Each structure stands twice: as C-alpha cells, then as structure tokens.
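Here's the structure, in structure tokens; my notes come after.
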Amino acid sequence: MEFDTIKDALFALSLSQINVYSGNLVTINYSVLKFFIPNISIAGETTYLPTNNIDHRLGALKENQILIDILSKAMRMVSSREFIAISEKWQAS
C-alpha cells in the first residue's frame with residue numbers, strides 16, 4: 001500500500017488500516033509527536049545501512065505485541081546484504 005505522506009502512513013497504521021510501517025526513527029518520532037498519532041510502538045533495529053547514520057525501525061500497533069515480537073526477531077535475522085537489497089527496492093528514487 002502506498003501513501004502520499006509519512007503522516008498518512010502513520011495514521012493508517014494507528015487506525016489498523018496497515019499492520020507495519022518501516023521508516024527512519026527520527027522521522028517517525030517527529031511525525032508521531034507533531035501530528036499526535038496514537039497507538040504506535042517502535043519495534044526492531046537495523047545496523048545494516050552502508051553509512052550507518054540512519055536509524056531504521058519498524059512500527060506496529062502497541063496492542064499487537066505478537067507482531068512486534070515477530071518483527072523484532074525477523075529484523076535480527078536479516079543479513080546486511082538482504083537488508084540493503086530490501087532498502088534499495090523500497091526507498092524513494
């Protein structure tokens with residue numbers, strides 16, 4: 001599913017219209033605070049970006065602890081090569 005803005009995507013996540021949002025931690029935190037977006041929990045952490053200066057996370061509804069646990073475990077299992085391939089596929093041009 002595609003959204004025009006991060007705000008739209010995070011509200012969709014908050015309203016259970018999507019299950020997961022992947023993005024930069026700083027941007028997610030800024031948007032959640034600026035637009036008062038409730039019900040989002042940050043899960044997982046990656047250290048695979050080539051420059052290692054972007055903190056990339058996944059978000060899910062707080063009530064969906066099973067999904068949060070699965071995402072956290074899955075992100076720990078992704079190799080740096082796999083993460084770069086996924087990032088290149090989904091990042092904006």
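The values are calculated or read from the model by the stated rules, or taken from the named source; none is laboratory data. Keep in mind that this is a model prediction, so the values were computed, not measured. Please note: Cβ atoms are built from the backbone with ideal geometry, for glycine as well, and neighbour counts cover all protein chains shown.
Listed values, structure above:
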| item | result |
| --- | --- |
| Single match in 46, 27 (criterion: buried (at least 16 other Cβ atoms within 10 Å of the Cβ), of a type in the set (Val, Ile, Thr) and modelled with pLDDT under 85) | 46 |
| Where a residue in the stretch 65-84 is within 18 Å of residue 39 (Cβ to Cβ) and its partner, wherever it lies, is polar (S, T, N, Q), with Cβ under 8 Å and at least six apart | 67/19; 68/41 |
| Where a residue in the stretch 1-27 is of a type in the set (Lys, Arg) and its partner, wherever it lies, is surrounded by 16 or more Cβ atoms within 10 Å (Cβ to Cβ), with Cβ under 9 Å and at least six apart | 7/31; 7/37 |
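Yes or no, residue by residue, for (1) out of contact with any Gly (no Cβ under 7 Å at 6 or more places or on another chain); (2) buried (at least 16 other Cβ atoms within 10 Å of the Cβ); (3) at pLDDT 75 or above; (4) of a type in the set (S, T, N, Q):
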| position | (1), (2), (3), (4) |
| --- | --- |
| 53 | yes, no, no, yes |
| 57 | no, yes, no, no |
| 64 | yes, yes, yes, yes |
| 68 | yes, yes, yes, no |
| 73 | yes, no, yes, no |
| 81 | yes, no, yes, no |
| 88 | yes, no, no, no |
| 92 | yes, no, no, no |
